[in-house]
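Engineer: The structure's right below; bear with me while I get my questions together.
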């Protein structure tokens, strides 16, 4: 598959690109003028509503998009990425016939519920005004509305608290997500078939199998055959 990954300045995007490039043709992009030298194609893109965004997504089989940013941007710029830029990217994807968009959101949009509650995808988000949380929530809203038009297939993965392998195992949060589990979920979402009827939008919770796991991942198991490794913590 030919895959575009946005948010290239973040560690998550760069590590996803490194992992996915083993089996896929990966293009990494961000709004910064210069990304670090990598082993795969990198592009600078502002995600405006112009032909440049169409050219960026043209020929892609899938897009992995996150409203998170590693750029230290202003509040208005980050909200602009979550809403206007996300919309522009989806519009270009629809015009260019990209069949699958994977949105990387966060389980933080559900942090308002009590810790002892096992929360599923049917629970309504309770976003705060924290900019990280709000950006994820707004990007979900844009994608959900776009999915109702069935112009492209969208899977939203709400990711848990990310932990990388070089950080070791140990006491973590009840929504811990190890990177290799996240990468597995993303790759399977990229290849998932589009829904036959109804809104072309799927929302899935992704976290690792840790003791006291707070968020149910049964839907991801059923839909993606997501199978996280059992963890000690």
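The values are calculated or read from the model by the stated rules, or taken from the named source; none is laboratory data. As the structure is a prediction and not an experimental result, all values here were calculated from the model. Every residue, glycine as well, gets a Cβ built from its backbone with ideal geometry; the counts of neighbours run over all protein chains shown.
Engineer: Assess whether residue 182 counts as being over 12 Å from residue 102 (Cβ atoms) and touching a strand residue (DSSP E or B) at 6+ places or on another chain (Cβ under 9 Å).
Structural biologist: Numbers: over 12 Å from residue 102 (Cβ atoms): no; touching a strand residue (DSSP E or B) at 6+ places or on another chain (Cβ under 9 Å): yes.
Taking the combined requirement at face value, the residue does not satisfy it.
Engineer: Taking the stated definitions as given, is residue 59 outside any helix (DSSP H, G or I), over 16 Å from the mean Cα position of the chain (by Cα) and modelled with pLDDT of 95 or more? Before the answer, list the steps.
Structural biologist: Values: outside any helix (DSSP H, G or I): yes; over 16 Å from the mean Cα position of the chain (by Cα): yes; modelled with pLDDT of 95 or more: yes.
Here the answer is yes, as residue 59 does meet what is asked.
Engineer: Inside the range 130-233, counting only helices (runs of 4 or more DSSP H) that do not spill past its ends, which hold 3 or more residues that are closer than 26 Å to residue 2 by Cα, over 16 Å from the mean Cα position of the chain (by Cα) and without any contact (Cβ under 8 Å) to a residue 40 or more places away in the chain? Don't jump to the end; show me each part of the working.
Structural biologist: Values: elements: 131-147, 179-191, 218-224.
It comes to 218-224.
Engineer: Any residue at all in the range 195-211 that is at pLDDT below 95, closer than 16 Å to residue 160 by Cα and exposed (fewer than 13 other Cβ atoms within 10 Å of the Cβ)?
Structural biologist: Yes.
Engineer: When only residues in the range 115-126 that are more than 27 Å from residue 191 (Cα to Cα) and modelled with pLDDT under 90 count, which is farthest from the chain's Cα centre (by Cα)?
Structural biologist: 116
Engineer: If you don't mind, another one. Looking only at the range 1-17, filter to residues that are touching a residue at least 40 places away in the same chain (Cβ under 8 Å) and in a helix (DSSP H, G or I); which one of those is surrounded by the fewest Cβ atoms within 10 Å (Cβ to Cβ)? Lay out the reasoning, then the answer.
Structural biologist: If we filter the range 1-17 for residues that are touching a residue at least 40 places away in the same chain (Cβ under 8 Å), which is where we start, we get 1-7, 9-13, 15-16.
Add one more test, that the residue is in a helix (DSSP H, G or I), and what stays is 11-13, 15-16.
Numbers: 11: 12, 12: 21, 13: 24, 15: 17, 16: 26.
Applying the filter and picking the extreme gives 11.
Engineer: Determine if the range 74-92 includes at least one residue that is part of a loop (DSSP other than H, G, I, E, B), crowded, with 17+ Cβ neighbours inside 10 Å and touching a residue at least 60 places away in the same chain (Cβ under 8 Å).
Structural biologist: The initial filter retains those residues of the range 74-92 that are part of a loop (DSSP other than H, G, I, E, B), namely 74.
From the residues that got through so far, the ones that are crowded, with 17+ Cβ neighbours inside 10 Å too are none.
Checking the range 74-92: not a single residue is part of a loop (DSSP other than H, G, I, E, B), crowded, with 17+ Cβ neighbours inside 10 Å and touching a residue at least 60 places away in the same chain (Cβ under 8 Å).
Engineer: Also: Looking at the structure I just gave you, is residue 100 touching a strand residue (DSSP E or B) at 6+ places or on another chain (Cβ under 8 Å), in contact (Cβ under 8 Å) with a residue 24 or more places away in the chain and more than 18 Å from residue 219 (Cα to Cα)? Can you show your working first?
Structural biologist: On the way: touching a strand residue (DSSP E or B) at 6+ places or on another chain (Cβ under 8 Å): yes; in contact (Cβ under 8 Å) with a residue 24 or more places away in the chain: yes; more than 18 Å from residue 219 (Cα to Cα): yes.
Yes, satisfied.
Engineer: Oh, and also: Given the options 107, 90, name the one that is at pLDDT 90 or above and within 24 Å of residue 210 (Cβ to Cβ). Steps first, please.
Structural biologist: Values: 90 fails: within 24 Å of residue 210 (Cβ to Cβ).
The conditions single out 107.
Engineer: Among what's in the range 103-133 and is touching a strand residue (DSSP E or B) at 6+ places or on another chain (Cβ under 8 Å) and farther than 19 Å from residue 202 by Cα, pick the residue that is surrounded by the fewest Cβ atoms within 10 Å (Cβ to Cβ).
Structural biologist: 118
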